[in-house]
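What follows is a set of notes on a single structure, which appears directly below.
The values are calculated or read from the model by the stated rules, or taken from the named source; none is laboratory data. What you are looking at is a predicted structure, and each value in this text was computed from that prediction instead of being measured. FYI the Cβ positions are ideal-geometry reconstructions off the backbone, even for glycines, and counts take in every protein chain you see. For accessibility, only protein heavy atoms count, side chains too; no ligands or nucleic acids. Shrake-Rupley method; radii C 1.70, N 1.55, O 1.52, S 1.80 Å.
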Amino acid sequence: MIVVIFVALVLLVHGYLWHRLVRQTTRPGRWRKALTWGLAGLLAVLVTTFVGTRMGLESWVAWPGYVWLA
């Protein structure tokens, strides 16, 4: 149950960040698409951090994900 709440919270925060930092500040086009992919990449890094630390990949995966989480 805690994991579901945490995942929902992370998704809501990333959606809010996308809305405020990308959608409201850029017009449709290359920049918006690039910023959207960048934010999606940061979300993927965060997911990879939580999965990777369970698999023993802590040394090279954990620090960027935890920095983004902070």
Can you tell me which residue within segment 15-59, out of those that are part of a helix (DSSP H, G or I) and of a type in the set (Val, Ile, Thr), is modelled with the lowest pLDDT?
Thr53
Any hit, segment 39-51, residues being out of contact with any Ser or Thr (no Cβ under 6 Å at 6 or more places or on another chain), open to solvent by less than 100 Å² (accessible area, probe 1.4 Å), among the hydroxyl-bearing types (Ser, Thr, Tyr) and at negative phi
yes
